[in-house]
1. For the range 187-199, check the following and say yes or no: at least one residue is outside the structural domain of ASN99 (by TED's automatic domain parsing), of a type in the set (Asp, Glu) and without any contact (Cβ under 8 Å) to a residue 24 or more places away in the chain.
2. Which residue is farthest from LYS148 (Cα to Cα), if the candidates are limited to the range 30-75 and must be touching an Asp or Glu at 6+ places or on another chain (Cβ under 6 Å) and surrounded by fewer than 19 Cβ atoms within 10 Å (Cβ to Cβ)?
3. Among the residues that make up the range 129-150, is at least one of them modelled with pLDDT under 90 and more than 14 Å from VAL103 (Cα to Cα)?
4. Would you say ALA44 is hydrophobic (A, V, I, L, M, F, W, C), outside any helix (DSSP H, G or I) and within 16 Å of the chain's Cα centre (by Cα)?
5. Take the range 185-201 and flag every residue that is under 18 Å from ALA120 (Cβ atoms) and aliphatic (A, V, I, L, M).
6. Just the residues that are at pLDDT below 95 and closer than 18 Å to LEU71 by Cβ, please, taken from the range 168-187.
7. Identify, from the list SER143, SER106, the residue that is polar (S, T, N, Q), surrounded by 15 or more Cβ atoms within 10 Å (Cβ to Cβ) and not assigned by TED's automatic domain parsing to the domain that holds ILE12.
8. Among the numbered criteria (1) assigned by TED's automatic domain parsing to the domain that holds LYS202; (2) at pLDDT 95 or above, which one does ASN46 miss?
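The values are calculated or read from the model by the stated rules, or taken from the named source; none is laboratory data. Given the structure is predicted, the values throughout are model-derived calculations rather than measurements. Cβ sites come from the backbone with ideal geometry, for glycine too, and all protein chains shown count toward neighbours.
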Amino acid sequence: MIENKNCEHINIDFSSDAAIIKAKELYFEGLIFALPTDTIYGFAANPFNSDAVQKIDEIKKRDSEKKYIMLIGSLELLLKYIEVKTENHLDFLLAIWPNPVSVILSLNSKTSNILNAKTAAFRIPNNRFCIRLLNELKMPLISTSINKGGQPFLNDRNMIDEEFGHNLSAIFYTDKKSYIQESTIIDLSQNVPKLIREGKIKFEDILAKYK
């Protein structure tokens, strides 16, 4: 396969330190890249960079009204962006993360104004590379499936490069086994968890941790 010249392929197993530095540079430059997560490969970018968000919308041919899941490195960082309804919700998040469970939460007024939204979905991923990158960024990271609207997602770096390499600055990849199932999404913006999409983790197993 001939790789797109403008899209660098970076093996995170070979030099994770260099990969973290490169991904951090791309993030703050407002560029789009792909990376493996605790679910499937995702388009990644800075959610506070409107040009980057618009570019992902264009790549995916997706309605800009639809919001993206954001990865974040810790509950401490998350608290800078959300409005906590109860202590019970915090205990619940501590019990379910890190895991492929994305949770819709109410944003605080500052973040709501910036993102022009009242809620957003967050996840602390169960993936060492992602966690390292997120804790370096100290900010959320968009992670959304690599596909165009209504089409199956791509989870192979060569297929990603063939279809989207001209839109990406880099593809971070691993030779280790990759997952082929999306995250479970629940809504916790109200009082009790509500299932939006069941993925890798069963909803009944998530509810068992809600007290």
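1. No, every residue in the range 187-199 fails to be outside the structural domain of ASN99 (by TED's automatic domain parsing), of a type in the set (Asp, Glu) and without any contact (Cβ under 8 Å) to a residue 24 or more places away in the chain.
2. By that ranking, first place goes to GLY30.
3. yes
4. yes
5. ILE185, ILE186, LEU188, LEU195, ILE196
6. THR174, SER178, TYR179, GLN181, GLU182, SER183
7. SER106
8. Tallying (1) assigned by TED's automatic domain parsing to the domain that holds LYS202; (2) at pLDDT 95 or above, ASN46 fails exactly one: (1).
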